Amino acid sequence: MTRTTPRREVLISGASIAGPTLAYWLNRYGYEVTVVEKAGTLRSGGYPIDVRGTALEVVRRMGVLPRLREAHIDLRRLTFLGGDGGQVASVHPHSVTGGVEGHDLEVRRGDLTDALYTAVRDDVEFLFNDSIDALVHSDHGVDVTFHGGGSRTFDMVFAADGMHSRTREMVFGPEEQFHRYLGYCFAVFTMRNTFGLSHETVMWNTPGRAAALYAVGDHDDVHAFLNFARPQSPFEAFPDPKAQRALVADVFADAGWEVPGMLAAMHDADDVFFDAVSQIRMPRWSSGRVALVGDSAYAPSFLTGQGTSLALVGAYMLAASLTDRDHATGFAAYEHDTREFVTLNQGLVGEGGATLFPTTAEALEQRNERLRGLRAIPTPKARPAHSALTLPALPPTA
């Protein structure tokens, strides 16, 4: 087609999952897209994440599904251990997660981000090692000042920079008003696979504490995971890596099984990621010409297993809603058509916490009894929330 109007210029903050997905679809529908990312490059490797239900259709329409199928981890066993290290139950992971064997995907986070980036890198401007320093609404758009220097004006700005989004804070205020703490904290990092594990996860539990080793294949490394219950979110530890390690080490100081070796590995690891288990719940996802997508708008927490899928679906829906609409009408359509799906998936959080991380001895024993019964279930069924939204048809490309 012959273009008679200039392409609208938009800025996306964040190049993880929601950001590149949104960039792909906005570019396809005629927008001039810039993505700014504070990191110097994409994060490679990373812990396993799931793509399920409606999100599978998003990656299929992007043309990256075959590549992700090749990267599928195919975890075959999830073994639960008691405090003494003895086996409680060994089940298929989908019995717990609600995934569908042979259909849903589990890939390393870096494999997904690399696939999304490859799909859009030649058509979109990426600014690594930079971030938004300030943004101001004006009559003609959003005036953005970059941390690395310089300023530009965009028709719209999108925050895809995670649960602790600085872009959201600039527009909507402090995170605490939207942060719903779910009672747990966790640390994840890589360590040497000296355990003989392959395509499996082993999880040790005592009341209020869990330690897990994820072996995504026949690799030399495993993903170590330490999770613990805590009444209040340790906001004071978030900016201080030393304080994070000290907190985790203190909680697990008397733990058995392989935990002492995991703590030693954590102190030497250069990829420790620590955070609270939380959700972001907001009354609205846009203000003026700025909209939120992915974890910055509606982080569901890993207890739901749906963070990645919500990011993919939300980005698609946001872009589709802006096709042939102005920002105000498009943002309203995005919320109207997507919020119910988000709410359903955020509601899965209770199931995840009760299954994986009981906080009392009684609840842990009840959990263990349920797990022993799961071994008799031959074909787990997907949770309806995973596919509760049907994507709109693809409109003509710009």
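The condition (being open to solvent by 20 Å² or more (accessible area, probe 1.4 Å) and in contact with a Pro (Cβ under 8 Å, 6 or more places away or on another chain)) is satisfied by just one residue among R67, R60, R43, R109: R109.
Of the residues making up segment 14-50, those that are closer than 19 Å to A297 by Cβ and of a type in the set (V, I, T) are I17, T21, V33, V35, V36, I49. The conditions of being under 19 Å from Y184 (Cβ atoms), touching a helix residue (DSSP H, G or I) at 6+ places or on another chain (Cβ under 9 Å), at pLDDT 65 or above and of a type in the set (G, A, S) are met by A363. Within the option set D123, D143, being assigned to a loop (DSSP other than H, G, I, E, B), open to solvent by 50 Å² or more (accessible area, probe 1.4 Å) and modelled with pLDDT of 95 or more holds for one residue only, D123. For A320, the stated conditions do not hold, so it cannot be described as open to solvent by less than 10 Å² (accessible area, probe 1.4 Å) and at pLDDT 90 or above. Which one of the conditions (1) touching an Asp or Glu at 6+ places or on another chain (Cβ under 7 Å); (2) modelled with pLDDT of 95 or more does T338 fail to meet, given that it meets all the rest? So T338 meets the others, but not (1).
Of the residues making up segment 215-229, those that are closer than 19 Å to S90 by Cα and either among the small types (G, A, S) or surrounded by fewer than 21 Cβ atoms within 10 Å (Cβ to Cβ) (or both) are A215, G217, A224, F225.
With respect to being closer than 25 Å to G330 by Cβ, buried (at least 19 other Cβ atoms within 10 Å of the Cβ) and at pLDDT below 95, G53 fits the description. When the strands (runs of 3 or more DSSP E) confined to segment 214-324 are screened for residues that are under 20 Å from H164 (Cβ atoms) and of a type in the set (G, A, S), those reaching at least 1 such residues are found at 273-280, 290-292.
Scanning segment 327-335 turns up at least one residue that is at pLDDT 95 or above, open to solvent by 10 Å² or more (accessible area, probe 1.4 Å) and in contact with a helix residue (DSSP H, G or I) (Cβ under 6 Å, 6 or more places away or on another chain).
If you go through segment 160-212 and pick out every residue that is crowded, with 21+ Cβ neighbours inside 10 Å, within 19 Å of the chain's Cα centre (by Cα) and assigned to a helix (DSSP H, G or I), you end up with 2. Residue by residue through segment 149-159, note down the ones that are surrounded by 13 or more Cβ atoms within 10 Å (Cβ to Cβ) and either more than 19 Å from Y31 (Cα to Cα) or in contact with a Leu (Cβ under 8 Å, 6 or more places away or on another chain) (or both). Answer for segment 149-159, where residues must be surrounded by 13 or more Cβ atoms within 10 Å (Cβ to Cβ) and either more than 19 Å from Y31 (Cα to Cα) or in contact with a Leu (Cβ under 8 Å, 6 or more places away or on another chain) (or both): R152, F154, M156, V157, F158, A159.
The values are calculated or read from the model by the stated rules, or taken from the named source; none is laboratory data. As the structure is a prediction and not an experimental result, all values here were calculated from the model. Note that we place each Cβ from the backbone using ideal geometry, even for glycine, and neighbour counts take in every protein chain shown. Each accessible area value is taken on the protein alone, full model and side chains, heavy atoms only, with ligands, DNA and RNA left out. Shrake-Rupley method; radii C 1.70, N 1.55, O 1.52, S 1.80 Å.
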